[in-house]
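Worksheet: the structure to be examined is printed underneath.
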Amino acid sequence: MIGFLQNLIDALSLGSLYALAALGIGLMFGVLRLINFAHGDLITVGAYALIVPAADATARMFIGAWPLPLMVLGVCAVVVAFALLSDLLLFRHLRRASAPTLMIASFAAGYIIENGILVVYGARPKAIDLWPDLGREMEIGALHVPRLQLVTIGVTVLLMAALTWFLKRTRYGVQMRAAAEDFAMARYIGVRANFVIGLAFSISGILAAVASLLYISQTGGLSFTLGVPLMLFGLIATVIGGMGSLLGAVVGGLAVGFVSSMLQAYLPEGLRSFRDAFVFAIVILILLLRPSGLIPTKALVPRI
Amino acid sequence: MLEVEDIHVNYGRVAALRGISLRVDESELVCILGPNGAGKSTTLAAIAGGVRPYRGAIRFNHASLTGKPPETISRLGVSLVPEGRHVFATLSVEENLRIGAYQRRDRARVESDLERALELFPRLRERLSQPAGRLSGGEQQMLVICRAMMTRPRLMMIDEPSLGLAPKIVDQVYEALLQRRHQEGVTLLINEQSSERVLEFADRIYVLRSGSVRLEGRAQDLRDGVAIMSAYFGFDDHSASSSAQATLG
């Protein structure tokens, strides 16, 4: 029982990270029908923003050395700037383009960011130790829980609550939901297209920044592709959750995290190295059973 | 108030509008009639900024609308209710209504406008917090008209308000439109496929066919329907039009 609870907390914490990545991707898809493959690279940018831009083998902290609130704000600002820049320089010119065109453009954006990081920071992976205190374990009854996992879960819940509040209770949130549903109609009613899209990029950037902070304090390693697996699992999460549904993205993220942690814990020793193959097999199974995801977007059918 | 001058629109290689000119004066009610595919919807979409004409000019109170994005045109006081109702299905009825008013600065009057919309359509008040996708077709049509009114337009364009609605509901929709027009002097430009209702209350009528204006005139001069019928179906000589009148009653 204790073992299972321990695994459950692992699953929740991993699932939270995937849910954060999935939310960022799902938001962009909802508003712009853009499957943003550059989202992972925004996460990478957030991690590299912590250190001094230099090709040295050892990392020296830059924003990472600032006091916590400033550090979080600083990393968010850098990632949001990159996200907005990708819109300004690239996606804004493709507003009338098809979804596949946008997707390929996002590949290009990601590739450019990765190579930019290579040029500035060098190709060698670097180690950084962000928040060493969080590595310590907390004892809750008989459970030993790393603080970092609790922080990850807590921060994710907080961000999701904030996002829900924003979307439901503010006029800009309502405009975003309207635009996600019917962009042409939203514009006819006065919703500013570029503003709403910029907002979506900014929020997605904040989600990427937070994901990168949490992820980097878990792994401690910087590499120019560090965000790619997060993006991949986030994307899978949005697909099995139901493309375009934010709740679906969260549910999908938690599901992927859950399955992958549980497989890690309960697969026979010899099969553990094939864990991801099992994860993807389950993903395929879910999609066969529910092709439009766990929480389909068009849940509300007009009664005409 | 609105002047459309010789606009041409293509969808790919297909010509949708081949030089449409029309005008709407302050507080007029003008109807555009025509069969399916005549270019009625495209004309309204071009005025509202949804499609861009490759030739021609559109002016609203002497300001050019040509090439402006839809949100800017909406803010200038031109509101389009497109065909097919387009409620935001996952937003609540109230959110649907309020989103129309977000661009306005007179917050105090927004509340009284909302109250008035709900008085006009009490059905909406009962469903304020429900997702708009759950409304019936007629209720959705009322909602999109109210939503457009919430922007406080000076010119309101409605694309086939009666499409797919029961005659009784259509009566309600028109009654509400005429009431708003009477109370606030909002100028109306309405697309319809059938001339039946339109002839009663329109000031002027344009008949479109194959992307061109085939007939324009004051509704009172066209009341017998002969000229409209002949323009609508494209009969050019008089004998054809009178035989059409005989068959169509």
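The values are calculated or read from the model by the stated rules, or taken from the named source; none is laboratory data. Keep in mind that what you see is a predicted model, and the values were worked out from it rather than measured. Counting neighbours? That spans all protein chains shown, and the Cβs are built from the backbone with ideal geometry, glycine included.
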Residues of region B:14-54 being assigned to a strand (DSSP E or B) and in contact with a Phe, Trp or Tyr (Cβ under 9 Å, 6 or more places away or on another chain), which ones?
B:Ile20, B:Leu22, B:Leu29, B:Val30, B:Cys31, B:Ile32, B:Leu33
For A:Ile286, indicate whether it is within 14 Å of chain B (Cβ to nearest Cβ), in contact (Cβ under 8 Å) with a residue 24 or more places away in the chain and touching a helix residue (DSSP H, G or I) at 6+ places or on another chain (Cβ under 6 Å).
no
Qualifying residue in region A:53-64 (condition: surrounded by fewer than 16 Cβ atoms within 10 Å (Cβ to Cβ), among the aliphatic types (A, V, I, L, M) and free of Cβ contacts under 8 Å to residues at least 24 places away in the same chain):
no
Would you pick out the residues in region A:175-188 that are more than 19 Å from A:Met243 (Cα to Cα), aliphatic (A, V, I, L, M) and either surrounded by fewer than 18 Cβ atoms within 10 Å (Cβ to Cβ) or touching a helix residue (DSSP H, G or I) at 6+ places or on another chain (Cβ under 6 Å) (or both)?
A:Ala184, A:Ala186
Answer with yes or no whether B:Gly100 is surrounded by 23 or more Cβ atoms within 10 Å (Cβ to Cβ) and of a type in the set (Gly, Ala, Ser).
yes
Single match in A:Thr152, A:Thr219, A:Thr225, A:Thr156 (criterion: touching a helix residue (DSSP H, G or I) at 6+ places or on another chain (Cβ under 8 Å) and surrounded by fewer than 24 Cβ atoms within 10 Å (Cβ to Cβ)):
A:Thr225
Just a yes or no: is a residue in region A:51-74 assigned to a helix (DSSP H, G or I), in contact with a Ser or Thr (Cβ under 7 Å, 6 or more places away or on another chain) and not acidic (Asp, Glu)?
no
Can you tell me which residues in region A:202-249 are modelled with pLDDT under 90, assigned to a loop (DSSP other than H, G, I, E, B) and out of contact with any strand residue (DSSP E or B) (no Cβ under 7 Å at 6 or more places or on another chain)?
A:Gly242, A:Met243, A:Gly244, A:Ser245
Being in contact with a Lys or Arg (Cβ under 8 Å, 6 or more places away or on another chain) and within 14 Å of another protein chain (Cβ to nearest Cβ) is true for just one of B:Asn96, B:Asn191. Which residue is that?
B:Asn96
Would you check if B:Leu128 is more than 13 Å from chain A (Cβ to nearest Cβ) and either of a type in the set (Ser, Thr, Tyr) or under 15 Å from B:Glu175 (Cβ atoms) (or both)?
no
